[in-house]
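Worksheet: one structure, shown below.
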Amino acid sequence: MKTSKRLKSACTCFDRLTTNGKSPTLSTSAPFVLSLSKGEHEVFQYPTRAIITGLAILALTFFFTACGRQEDKQAAKAEKKINVVTTVAPITSIVANIGGDKIQLTGIIPEGINSHTFEPIPSDSKLLSSADLIIINGLDLETPTVKLAQANLKPGASIYSLGDKTIKETEYIYDFSFPKEQGHPNPHLWLNAEYALRYATLVRDELVRRDPTNKSVYEQNAAQFLKKLEVLDQAIKEGIQTIPQNNRRLLTYHDSWPYFARRYGFQVIGAVQPSDFADPSPREVVRLIEQIKKEKVPAVFGSEVFPSPVLEQIAREAKSRYIDKLRDDELPGKPGDARHSYVGMMVENMTIMFEALGGSAEALKKVDPAPVAGAHADYRRKD
Ligand SMILES: [Zn+2]
């Protein structure tokens, strides 16, 4: 009866095994007897005691595993995790690093698609209406998502924008793909590790405010993550010192590097992608080829999300290397991989960039990309 009591208290689903509300009893003495508590004893006699013991252990393991899963679900329900929805994958990764397993987290914008033109589908309103907290980059990156979120916000829920709390309007950058006359600043703040650090502190404070029960967990995770970001920032600075001064210039297809350039002493000499995401005009193409030749830019960079035959052609005609591997919001690897993280994305970008511009990526080897609090996030993928 001792075994039976333990089972019962450990697991409510064991009750389903009882007959007439009474628990079955298990006797370990031979012959092996399973009492069905109806008063009818069924006696099983097997050739060896070893088989019987093995079967009993298997059965117990099965019950405890099944019950364990049910209890996990019940515990999660009882814990009432706050439901957080984010937008682009780097922000999802930053939030995952701090929230760990204390939050329910979904990134709404699939990796590998153009986040600047992403429009949520009507069924996304269900996800947005279930969120307690929607964390966005802001600076007009996710306008259609924000509109749908506003229309479906549940009582008490809120939209939290990181970008506008990170820099002042006077620090906004307008450029080729994000011209001032259109009124939308360049939104790619997170490619500057200092701003990512600011994002992380904002996320920590907002999660603590929303869910003070888990304050110490958020603070511990954030402390570790901030340290990691400082190591990353330092490694980028060190790596850049190995690039000849004259090569610290960027020509990219997608215009996502101006805040990076401002922090680390690069010059963005141009971006090929116009603000309407169409191809540049033939005149612009000729101008860029001339500029690359004149300034002897060793490499030009495309991105995986925007394959660009035009930039490839520009590079070929200007006799510069074309590298189409930079990412601004698609994390490398697959969800669950250590490098599938914001830090992993930066390490990969910097390695590609430093080596192509005549520098060394050695300093980046000391940066561990793995998320500090595990990979507890639902990342959507393009395919
Ligand atoms: Zn972008």
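Rule-based calculations on the coordinates, nothing more; no lab input. All values derive from a computational prediction rather than experimental measurement. Neighbour counts run over all protein chains shown; Cβ positions are idealised from the backbone, glycine included.
Label-to-label distance, Ser158 versus Glu171, with points set 7 angstrom from Cα along the beta-carbon direction: 2.1 nm.
For the range 298-383, the residue among Pro332, Ala363, Val343 whose Cα projects farthest onto the positive side of the dipole built from Cβ charges is Ala363. Averaging Cα coordinates gives a centre for the range 216-262 and one for the range 299-324; these two points are 23 Å apart. Placing unit charges on the Cβ atoms only, positive for Lys and Arg and negative for Asp and Glu, gives the range 311-369 a dipole magnitude near 180 debye about its Cα centre.
Between Arg209 and Ala370, the simple label model (points 7 Å from Cα in the Cβ direction) yields a spacing of 3.3 nm.
Across the range 236-366, the relative contact order, built from alpha-carbon pairs under 8 Å that are at least six residues apart, equals 28 percent. Against the empirical 2.2 N^0.38 Å (N residues), the range 236-366 has a Cα radius of gyration ratio of 1.04.
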